[in-house]
């Protein structure tokens, strides 16, 4: 608590005092303690379970499925402004590891929100479902319940947003957008389960909790499993790809970085989110075909024979063969297949030109070249991001789609780039010679020389041209 | 879904029993007349819609949670707002059957088939639920006005019994369809169904409980939480399927590169799963076995040059083990396929490291992959019966040391069946 700004500390104290007041008021008037206790136990249990389940859940997955929200709304409908704060405040007792003042604040916040919701429920003509001989009509109970749920969310959100804004000294609006906005609607939907719970509770008591919350709990559990599975899934692809990347120590992490750069380009050029997701896999798997190329070829130093070079050139096709049955990849498969095509039609495997090349492939080509240039290779150090951008710009229109190049440049401007790794420090003990430039056809410098060599048959003295010549030979024979 | 003769035979007794129950029930209902047709129609419709909204659970099980919940609710219905309805066992079976069949039509029409075994299970569980609750209704719901916890408890118990019966019937069908031991099947079914079944039971009970007060409202209102659950399950099943697909695709890396023969990993995994199932490996472990089988050759990628023909069995035992070790290390890095890595690591180990001694730490799954891998190296994609039987004979020569006799026996049984069909 000490580290918080003074305004935040005062605010927290004020909320706690007010909450305590509402609780004391409720406790003084309460007559149905058994219902309060049963509902409170449910809140504690629900919160505890939620955190337990949430532990394995990816935090970006949104609010998941709330269990305490329906119970809170049910307590409003059953007990009104007197009892609901007592029930809701018990959130603070849930077995969660948080500092005492946070717990107290959460409890007080719940109590105040529940009090406001209960008061509104009665004010707009709602009838308490517990005890009274309620003439059951959904329209009569439903509208006040909706009002109560909205008020609960509003008060709760206001108290929460302002404490975060005060504590972190940011504008409340940004806090709301960042944390609450996307959870508002799902929370409202869960609050309608409170109605179900209240209706059944009025008839059969606590047993209703088991029945109403069971489907919710199951959904919550499956949801957690889903999220865990999704993480496992990505981890599997990533690490299988990475592990096998050790065939060539210099390309370690390459696939993951190409995937990241492709996503940057895709987002910047306004792809739909589901296509971006597909693009992420495409980037990850774009070189998967290389894994099928014999290690002896990938790691060969010096000249490659024609056969060896053809073997390497085959990798986009091999990649497509490996992934073609993965329905969910969709467009990504084309991206893998054509990522070595060039805008001017001098790429491989088919020599497609311009817009004949699928969008994903044009994106990956840029991302691939960018990462390859900014990484250390055996024959040269890593280039700076600025140098790499210059080189990409120089080759746009011939090798790359200018739109994608500019999209990457713009994205790098705003989002920045963890400049790729430095020289790989822990190389696997090289039983075979270290990989040489022989296998590197992602680097646009090399690739461009290659294309030039094809055109003019020039034989240059330096290493790159040597490579280009070697690479160009199979072309010449065709 | 019933697609082959064998599967039909497996579910046969179940379907016959259900059909008898349906015929008797319809006859009785026809004689007594349909009381309160509107209420019956509402439930039949609800079940029909639920039937259309069916989902695939993880593990490939089909389920129509909403339809099952509606069926259960009708079987347990103590009354209905504005009507004086008395549900009988015959009436429940009639309404549930009509609703299910009507709902199944659109699917059958687009060629997705009738789930006869599932329908039969629903008829029988409906019968059980109604038959358990109706006799005790006068005790727990005496004046037919006040719904209280005693009624709720009785209903819940009836729903749980129905759920247990459903799992046992499903296990019986599955065990016989897939030649798995019944006990393993019961454990698998319970594990797979406990989540969705408890949501179904709770929803069925709630609708039945709320109907006397809320009338028609009870049906849509209490369907919402179940729909949410259903949605979660569908998403989960989708990603589960995607995962399986991806592992299969990654298994082709070695094939495409010429390290292994085309289709080797796929065939080994299919056969390994069949062997594992007959040996009573649980569904959860079967999945790991499948992953391990798919990835069992991934260690070969670390070789500089492919082995001619990709057959690991011609390598020296040390080399085989090195490849297994390398592959296991790769798989281990995923952080999630731990068991699969364990299986792959020891896939080349002999069953008896020394004469007369068995290594107790060697997993059954590793022993299965060893045998099946060797078998596939000998047979390949060939479908010639002679070649298949000769391969088995050769493996049988190795049971003193290399291969687990039990696994070889099971493989021999499967191969014998396959060659029988071939004639």
For the protein assembly as shown, the percent of all C-alpha pairs falling in each 20 Å bin, from 0 up to the bin holding the max distance, is 13, 33, 34, 18, 2, 0
Taking every alpha carbon pair in region B:182-241 and sorting the distances into 10 angstrom bins from 0 up to the bin holding the longest one, the percent per bin comes out as 21, 38, 28, 12, 2
Taking only Cα atoms of region B:113-244, the Rg to Rh ratio with Kirkwood Rh works out at 1.03
Hull volume per residue for region B:108-176, using the convex hull of the C-alpha atoms, in Å³ is 107
Between residue A:210 and residue A:376, Cβ-based FRET efficiency (R0 60 Å, step 0.05) works out to 0.50
Tilt, helix B:116-140 to longest principal axis of chain B (alpha-carbon atoms), in degrees rounded to tens, equals 40
The distance between the Cα centres of region B:147-212 and region A:328-380, in whole Å, is 53
Computed from the beta carbon distance with a Förster radius of 41 Å, FRET efficiency for residue A:296 and residue A:350 to the nearest 0.05 stands at 0.90
Here, residue A:9 and residue B:105, labelled 7 Å along Cα→Cβ, have an inter-label distance in nm of 7.4
Check: C-alpha center region A:212-244 vs C-alpha center region B:234-293, spacing in Å is 19
Quick P(r) readout (chain B; Cα-Cα; 20 Å bins; whole %) gives 24, 43, 25, 8, 0
Across B:320-332, the residue-averaged tally of Cβ atoms belonging to other chains within 10 Å stands at 1
Rounded to a whole number, the Stokes-Einstein D of region B:251-422 in µm²/s (Kirkwood radius over Cα pairs; 20 °C; 1.002 mPa s) is 135
Compactness check, region A:180-338: C-alpha Rg relative to the 2.2 N^0.38 Å globular estimate gives 1.59
Cα-based Rg/(2.2 N^0.38 Å) for region B:5-238, rounded to two decimals, is 0.97
Dividing the helical contributions, -39500 (n - 2.57) per DSSP H run of n ≥ 4, by the residues of the protein assembly as shown yields a 222 nm value, nearest 500 deg cm²/dmol, of -23000 deg cm²/dmol
Averaged over all viewing directions, the convex hull of the alpha carbons in region B:51-138 casts a projected area in nm² of 6.5
Expected integer from the mean partner chain Cβ neighbour count at 10 Å over A:323-333 is 3
In nm, the gap between the two label points placed 7 Å beyond Cα toward Cβ at residue B:416 and residue A:31 is 8.0
Residue A:324 and residue A:174 label points (each 7 Å along its Cα→Cβ direction) are spaced in nm at 5.1
Across A:338-349, the residue-averaged tally of Cβ atoms belonging to other chains within 10 Å stands at 0
Here the relative contact order (percent) of region B:251-422, from C-alpha pairs under 8 Å and at least 6 apart, is 22
Of the convex hull drawn through the C-alpha atoms of region B:327-423, the volume per residue in Å³ is 103
Taking B:193-201, A:154-162, A:4-12 and ranking on average Cβ neighbours within 10 Å, highest first, one gets B:193-201, A:154-162, A:4-12
Averaged over all viewing directions, the convex hull of the alpha carbons in region A:245-342 casts a projected area in nm² of 6.7
Kirkwood calc, region A:6-227, C-alpha pairs only, radius in angstrom 17.6
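Values quoted throughout were computed directly from the atomic coordinates according to the rules given, and no laboratory measurement underlies them. Owing to the predicted nature of the structure, the values given are computational and were not obtained by experimental measurement. Every residue, glycine as well, gets a Cβ built from its backbone with ideal geometry; the counts of neighbours run over all protein chains shown.
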